[in-house]
Amino acid sequence: MTADLRIRPKLVSRALLVRFVSIFGSSIGFYLPLSVVPLFAKQTGSDSGAGLATVALLLATVAAELVTPRLVARVGYRWALAGGLVLLGAPTLLLTAGSDVRVIVGVSVVRGIGFAIAVVAGGAVTALLIPADRRGEGLALVGIVGGIPGLLALPAGVWAAAHWGFTPVFVVTTVATLLALLSVPGLPRHAATPQEDGGVLAGLRNPALTRPATIFAVSAAAVGVLVTFLPLAASGRPAWVAASALLAQPAAATAARWVAGRLGDRHGPGLLLLPGVVLSAVGMAAIAATGTPVLVIGGALVLGAGFGALQNATLTLMYARVPAGGESAVSAIWNAAYDLGMAAGALGAGLVVGSVGYPVTFVLAAVVIVPALALVRRDRRP
């Protein structure tokens, strides 16, 4: 009883509020043009350019995520985050002047590098601004601050491009991202001394970090399958079916991150891994009933709940398992697991969907999640 009556440390500090500004800016900068750039490339007559732009963005993001901790160690949080925001926002203006495929792909590569630096450096400094015994709840709040703008910006960018053209979208992307630079001086200046055992490379050799990252990547792969192939699988159904499911999944994930954060702080984040994996698998399996809207939408909700729980629990576990100076490596590994998981899910499903069909592909995506339960057994402790 006395433990419940303790005065808990303040969750939202002035520095964390300042950090919210750059989270908001980088989220808008990434998601607002995310679906617009492929449309822009396709309008110029290059169908291949549309795909190349997205692939270039994701590959550059993952590659840069793995080397950003070294940059943070050299220049500190402020300069790294500022550089990431500039690279994410400023190149977008080039798209207002030219539509050559090489320009589009080049801009996508630079934006991917900028986003990687912003999320890794920003994620590391965020971890320092949250009290250790409220880390789960704090990371959930951060997820909401970044998730809601992204959720709204993605469709808003497509709508704005259709009604006003591409240029306003690219200009707003640049302005919103660069305005976030005004908040950077209010953040901590220097990173902690990096670990002597090699940072990201050492983290990739550490099972205590790679197990949670792998568990999360498997769930992210299921989400990659959902967002890529559900609109195609539901093309014969009313348009609201796919739209509702694609809204239900991130909405449930956002809510689940908050619940998981509060529960994890009280009972340990390791206890959330099992229900997160099970919910992800069950939700993905339900989506396989593509002819039944209630199961598709309900499955997306359940998948979102499992994914959101794993988002929070795995990241909280990983931060708890490194000493001071390891925050950047954790942020890099976790974000790379996120991006690679989604990309692997979409790519793997694309290789089999032509021969087995959408329902079986969704079932296979659910089955692939199940082996993660073996990793959960070894990761139940914080």
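With the simple spin-label model, which puts each label point 7 Å out from Cα in the Cβ direction, the A97 to V363 separation comes to 5.5 nm. In this structure the amide hydrogen of G325, modeled in the peptide plane, comes within under 5 Å of the amide hydrogens of A192, none closer than 5 places in sequence on its chain. Its DSSP H runs of at least 4 residues, each contributing -39,500 (n - 2.57), put the calculated 222 nm mean residue ellipticity of the chain at -26500 deg cm²/dmol, to the nearest 500. Convex hull volume of the C-alpha atoms in the chain, normalised per residue: 136 Å³. Between L232 and A202, what's the calculated FRET efficiency when r is the beta-carbon distance and R0 is 30 Å? Round to 0.05. For L232 and A202, the calculated efficiency is 0.15. Residues whose amide H falls under 5 Å from that of T290, counting only those 5 or more places apart or on a different chain, are absent, with hydrogens built in the peptide plane. Whole-Hz Karplus values for the range 257-273 come out as 4, 5, 4, 4, x, 5, 5, x, 5, 8, 10, x, x, x, 5, 8, 5 Hz, taken residue by residue from phi with 6.51 cos²θ - 1.76 cosθ + 1.60 and θ = phi - 60°; glycine and proline positions read x. For the range 228-234, 3J(HN,Hα) computed residue by residue from phi via the Karplus equation (6.51, -1.76, 1.60; θ = phi - 60°) reads 7, 10, 4, x, 6, 5, 9 Hz, glycine and proline entered as x. Summary value for the chain: 23 percent relative contact order, contacts being C-alpha pairs under 8 angstrom separated by 6+ residues.
Residues W159, W334, W79, sorted by accessible area with the largest first, give W79, W159, W334 [1.4 Å probe; ligands and nucleic acids excluded]. In the frame of its principal axes, the range 68-183 has Cα extents of 48, 31, 23 Å, reported largest first. Potential lengthening of the chain between S355 and A239 amounts to 39.3 nm, from the contour at 0.36 nm per residue minus the alpha-carbon distance. The Cα-based radius of gyration and maximum Cα-Cα distance (Dmax) for the range 200-335 are 16.1, 53 Å. One chain, two ends: R378 and R74. Fully extended at 0.36 nm per residue, the span grows by 105.9 nm beyond their Cα-Cα distance. The modelled label-to-label distance for the pair S13/A324, using points 7 Å beyond Cα in the direction of Cβ, is 1.2 nm.
The values are calculated or read from the model by the stated rules, or taken from the named source; none is laboratory data. As the structure is a computational prediction, the values presented were derived from the model and not from experiment. In this analysis, Cβ positions are derived from the backbone assuming ideal geometry, glycine residues included, and neighbour counts consider all displayed protein chains. Quick note on the areas: whole protein, heavy atoms, side chains included, nothing else; ligands and nucleic acids left out. Shrake-Rupley method; radii C 1.70, N 1.55, O 1.52, S 1.80 Å.
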